[in-house]
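The values are calculated or read from the model by the stated rules, or taken from the named source; none is laboratory data. None of these values were measured; they are calculated from a predicted model. Neighbour counts are summed over all protein chains in view; Cβ atoms, including those assigned to glycine, are modelled from backbone coordinates with ideal geometry. Note: accessible area is taken over every heavy atom of the protein model, side chains too, but ligands, DNA and RNA are not part of it. Shrake-Rupley method; radii C 1.70, N 1.55, O 1.52, S 1.80 Å.
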Amino acid sequence: MVEQESPLKPVWQPGSHGNFAAGIGVYLSESAPGSIVQLAAWAGKEKAVLQAIKAVAGLKLPDGAGGGAPGEARAAFGFAPGKFLVIDEQEGLAERFTQALDIETGTVTDLSHGRTAIRIAGPKAEWVLSKFFAIDFSATAFPIGAGRSTVHHEIFVHIQRSAPTQFELYVFRSFARSFWQALCRASEEVGYEVQ
Amino acid sequence: MLITCPYCGPRNVSEYTYQGDGNRTRPDPASTDQAAWNEYVYDRLNPAGDHHEIWQHSGGCRAHLRVTRNTLTHVVTEVSFARDAGHRKSERHRKPGAHA
Ligand SMILES: [Zn+2]
């Protein structure tokens, strides 16, 4: 496989920044999974795709819009009608889905090198994200595992809540550096640590 | 202005792209019926009130939606997936005074 290089490298500054004297508000990191795969079911084939996600990734997604399953090694969530994002820390997930899903059921798109995965965690994660996206980040409206598709100006993003105060953001790779810099700037007021 | 996407829930209008008047019926592409094409391209109901429209949730799930929006108040009263709706017969009426 091609060795991945982070688009954040030129602006990567580990350590504490901003107003952190009273404590760190958010921890920012790049999770760099080996695989990011988009699955799209043809009309009426959603259940078959969900079964394939269970068979290949071992993840059982709940029914309903934006339903998802969080996890360190593997995670998945719905982000549009009949469409799912599956993430694996290992490479090769797209090949496994291509074998498991026939073309009559749905399509497999390997986005592993097309998206940058950014993690924001900490007590002020909801607060900082609320400055970017006009969606409800409260735990009742956006439960653990759930996925959302939204946009910050022209920067499209898929978001999964992976823990009570932790979110995974999947941003187009070409926008990732700009988005990361905006995220750092927005985190200054609460104090942030790049890990 | 908020549009409640059937998949994503209520979202700001900035996440959406207007795809045009939802009252039109596209003629058969092979048709050379000039009146039908003229109606499709130019004739609009232009109501002061509820209006059927097509919007895409381009900054979200990217689904195409059928939306009923009040042109006086921007209140959105009905949203459904365009692919589920088919074409509603009641919307095929023309603008008063439009040529046959
Ligand atoms: Zn939507």
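Assorted remarks:
- Surface share of carbon and sulfur [accessible, 1.4 angstrom probe, percent] for the protein assembly as shown: 51
- Electrostatic dipole magnitude of region A:35-110 [Cβ: Lys, Arg +1; Asp, Glu -1; Cα centre; debye, to 20]: 280
- Computed 3J(HN,Hα) for region A:42-56, one whole-Hz value per residue from the Karplus formula 6.51 cos²θ - 1.76 cosθ + 1.60 where θ = phi - 60°, is 5, 3, x, 10, 4, 4, 5, 5, 4, 5, 5, 5, 5, 5, 7, glycine and proline marked x.
- Cα-centre dipole for the protein assembly as shown with unit charges at Cβ (Lys and Arg positive, Asp and Glu negative), debye to 20: 580
- Remark on region A:80-100: accessible area falls by at least 50 square angstrom from chain-alone to full-complex state for A:Pro81, probe 1.4 angstrom.
- Backbone geometry of region B:21-27 corresponds, through the Karplus equation with coefficients 6.51, -1.76 and 1.60 at θ = phi - 60°, to 3J(HN,Hα) couplings of 4, x, 9, 8, 10, 6, x Hz, x marking Gly and Pro.
- Charge tally in the Cβ shell below 12 Å around A:Gly147, where Lys, Arg are +1 and Asp, Glu are -1, A:Gly147 excluded: +2
- What region A:35-110 shows is 47 Å² of accessible area per residue, with the surface traced by a 1.4 Å probe over protein heavy atoms.
- Within region B:28-67, the residues that become at least 20 Å² less accessible when every protein chain is included than when their own chain is isolated (1.4 Å probe; DNA, RNA and ligands ignored) are B:Gly59, B:Gly60, B:Cys61.
- Approximate spin-label separation A:Phe172-B:Tyr40, in nm, with each point projected 7 Å along Cα-to-Cβ: 3.1
- Burial here means at least 30 square angstrom less accessible surface with every protein chain in place than with the chain by itself, probed at 1.4 Å; in region A:148-190 the buried residues are A:Ser149, A:Val151, A:Phe156.
- Relative contact order of chain A, defined on C-alpha pairs under 8 angstrom at six or more residues apart (%): 33
- Projected label distance in nm at A:Asp63 and A:Ser138, using a 7 Å step from Cα toward the beta-carbon: 2.7
- Close amide-amide hydrogen proximity is noted between B:Thr71 and B:Gly49, B:Asp50, B:His51, each under 5 Å apart and 5 or more residues distant or on a separate chain (H modeled in the peptide plane; Pro and chain starts excluded).
- Derived scalar couplings between HN and Hα for region A:134-139 equal 8, 10, 7, 8, 5, 5 Hz in order, rounded to whole Hz, by the Karplus curve 6.51 cos²θ - 1.76 cosθ + 1.60 (θ = phi - 60°), x for Gly and Pro.
- In the A-B interface, the accessible area buried, summed over both sides, Å² (probe 1.4 Å): 1000
- Computed with a 1.4 Å probe on the full set of protein chains, the accessible area for B:Thr73 sits at about 80 Å².
- Peptides ranked, highest mean first, by Cβ atoms within 10 Å: ranges B:40-53, B:9-22: B:9-22, B:40-53
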